[in-house]
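Here the structure comes first, spelled out in structure tokens, and everything after it is commentary.
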Amino acid sequence: MVDAKVNKKPLNWAVLGFQYQRTDYRFRAVHENGVWGEGELITDENIPIHEGAPSIHYAQQCFEGMKAQTSADGRVLLFRPDLNSERMDLAAKRLLMPQVPENLFLEAVEETVRANYAWIPPFGSGASLYIRPMLIGVGENLGLNPAQKFEFRVFVCPVGPYYKEAGLAVISLAVSEMDRAAPNGTGSFKVGANYAGGLLATRAAQVLGANEALYLDSMEGRYIDEAGSANIIVAMKDGSFASPKSDAILPSITRRSIMILAKEELGLKAEDRPIDLRAEFSQFQEMAACGTAAVLSPVGKVWFDAGWHNVYQDGDSIGPIMQELYDLLVGIQNGELEDRFSWLHEVSR
Ligand SMILES: Cc1ncc(COP(=O)(O)O)c(C=O)c1O
């Protein structure tokens with residue numbers, strides 16, 4: 001348990017969107033001469049780095065995204081943070097950066113959350129505390145070489161829903177003409193380089209009236225990869241449940257958890273497999289985007305081949321399968337439902 005005697009900030013939690021909000025403390029540790037320093041909590045949200053730092057020229061950086069929630073009995077809960085640590089480790093290896101040891105990662109996250117207790121949205125507010133761990137190459141450099149010095153940071157922001165004002169809201173996606181990632185590229189790693197290229201694709205999707213871009217595989221432009229900041233799940237009319245199998249997508253922790261819930265709690269035949277958008281679309285019963293920020297957002301309609309195609313009913317309704325999975329996922333995350341799979345990690349005092 002964290003110190004529940006601290007007064008909460010006087011925020012209107014219910015109207016929070018997904019924006020940066022400065023909180024009081026952040027964690028900082030530096031890796032130099034091959035070793036990690038101890039790390040500490042600091043108050044300055046700025047990061048002074050060298051103008052030659054490889055993170056700002058060559059995107060030698062990676063990050064994570066996770067959330068803390070308050071349970072009805074006041075516990076502060078993280079959801080599968082060990083998987084965020086594991087994923088950051090994979091990204092660090094891919095970009096020739098030092099691994100952030102799991103104990104440093106988890107302690108930094110816990111310390112930052114604890115120190116910002118006043119900013120953690122209360123139970124039932126619909127908001128949560130977004131946690132952003134990041135690892136960046138900061139040392140002096142010019143040529144295309146790995147940095148000599150790295151900084152690991154964790155900051156937190158209270159946030160509300162990612163896509164819309166309300167909690168569970170139907171979204172729309174537009175298939176992008178741009179590719180997000182190549183096979184054997186960096187698509188499966190949470191690295192900044194994947195996201196800058198997606199800004200224009202998101203803008204193009206928004207111009208069409210969609211919330212986000214939907215990427216197809218870059219080899220054939222047939223199979224669903226993922227959305228700009230979320231993985232995809234599909235309930236098929238034959239009763240099966242699928243999520244795209246692709247080496248170019250981020251291995252979403254939310255999606256991996258939902259696949260387990262679909263199988264174990266709903267008894268569905270759930271599998272990761274290639275999903276051919278055009279060939280299989282008529283067999284889609286319900287579809288959703290999922291991720292830490294998106295939680296589970298039902299997809300009502302998809303733009304492709306110059307037109308909108310409704311997935312479920314009028315394109316603006318939530319289907320029963322996605323509603324049930326949403327309730328299960330959120331119920332586990334905020335401690336209301338039994339943590340059958342031991343996914344929760346309580347932030348200690
Ligand atoms: C590109 C992309 N895909 C999927 C996800 C979802 O991953 P997770 O469920 O681990 O948050 C994210 C992050 O939220 C993302 O940025």
Checklist entry - Restricting the search to region 209-246, which residues are more than 12 Å from the ligand (Cβ to nearest atom), under 25 Å from LEU268 (Cβ atoms) and acidic (Asp, Glu)? => result ASP217, ASP238
Checklist entry - Got a sec? Which of SER172, SER188, SER229 is in contact with a Pro (Cβ under 9 Å, 6 or more places away or on another chain), of a type in the set (S, T, N, Q) and in contact (Cβ under 8 Å) with a residue 60 or more places away in the chain? => result SER188
Next on the checklist: Can you confirm whether ALA293 is within 28 Å of ALA193 (Cβ to Cβ) and not acidic (Asp, Glu)?
Outcome noted: yes
Item to check | Set ARG222, ARG273: member being of a type in the set (Lys, Arg) and in contact with a helix residue (DSSP H, G or I) (Cβ under 9 Å, 6 or more places away or on another chain) | outcome: ARG222
Checklist entry - What pairs can you find where one residue is in region 65-79 and within 15 Å of SER125 (Cβ to Cβ) and at pLDDT 95 or above, the other is among the small types (Gly, Ala, Ser) and outside any loop (DSSP other than H, G, I, E, B), and their Cβ atoms are less than 8 Å apart, with a gap of 6+ or different chains? => result LYS67/SER128; ALA68/SER128; GLN69/SER128; VAL76/ALA68; LEU77/ALA68
Checklist outcome for this item: Considering region 90-105, residues that are surrounded by fewer than 19 Cβ atoms within 10 Å (Cβ to Cβ) and closer than 25 Å to ILE258 by Cα, and then whichever is farthest from the ligand (Cβ to nearest atom), we arrive at GLU102
Next on the checklist: Need pairs with beta-carbon distance below 9 Å; first residue more than 15 Å from GLY37 (Cβ to Cβ) and within region 91-102, second crowded, with 17+ Cβ neighbours inside 10 Å and basic (Lys, Arg); sequence gap 6+ or separate chains.
Outcome noted: ALA91/LYS190
Next on the checklist: If I ask for residues that are in a helix (DSSP H, G or I), over 12 Å from ALA59 (Cβ atoms) and within 19 Å of the chain's Cα centre (by Cα), which ones from region 175-211 would you list?
Outcome noted: GLY198, LEU199, ALA201, THR202
Next on the checklist: Any residue at all in region 251-270 that's buried (at least 17 other Cβ atoms within 10 Å of the Cβ), within 16 Å of the ligand (Cβ to nearest atom) and more than 24 Å from PRO81 (Cα to Cα)?
Outcome noted: no
Next on the checklist: Tell me yes or no: at least one residue of region 39-58 is within 23 Å of VAL295 (Cα to Cα), in contact (Cβ under 8 Å) with a residue 40 or more places away in the chain and buried (at least 17 other Cβ atoms within 10 Å of the Cβ).
Outcome noted: no
Next on the checklist: Among the residues in region 210-219, are any surrounded by fewer than 24 Cβ atoms within 10 Å (Cβ to Cβ) and on the phi > 0 side of the Ramachandran plot?
Outcome noted: no
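Can you tell me which of PHE18, PHE27 is touching a Gly at 6+ places or on another chain (Cβ under 7 Å), outside the structural domain of GLY197 (by TED's automatic domain parsing), hydrophobic (A, V, I, L, M, F, W, C) and at pLDDT below 95?
Values: PHE27 fails: at pLDDT below 95.
Going through PHE18, PHE27 in turn, the sole match is PHE18.
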Checklist entry - Mind checking whether some residue in region 301-324 is of a type in the set (Lys, Arg), touching a Ser or Thr at 6+ places or on another chain (Cβ under 9 Å) and more than 16 Å from the ligand (Cβ to nearest atom)? => result yes
Next on the checklist: So, GLY160, is that one closer than 30 Å to TYR25 by Cα, surrounded by 14 or more Cβ atoms within 10 Å (Cβ to Cβ), modelled with pLDDT under 95 and within 16 Å of the ligand (Cβ to nearest atom) or not?
Outcome noted: yes
Next on the checklist: Kindly evaluate ALA4 against the criterion of being at pLDDT below 95 and either farther than 26 Å from SER125 by Cα or outside any helix (DSSP H, G or I) (or both).
Outcome noted: yes
Item to check | Conditions (1) out of contact with any helix residue (DSSP H, G or I) (no Cβ under 6 Å at 6 or more places or on another chain); (2) surrounded by 14 or more Cβ atoms within 10 Å (Cβ to Cβ); (3) in a loop (DSSP other than H, G, I, E, B): number failed by GLN19 | outcome: (2)
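The values are calculated or read from the model by the stated rules, or taken from the named source; none is laboratory data. Everything quoted here is computed from the prediction, not taken from an experiment. Every residue, glycine as well, gets a Cβ built from its backbone with ideal geometry; the counts of neighbours run over all protein chains shown.
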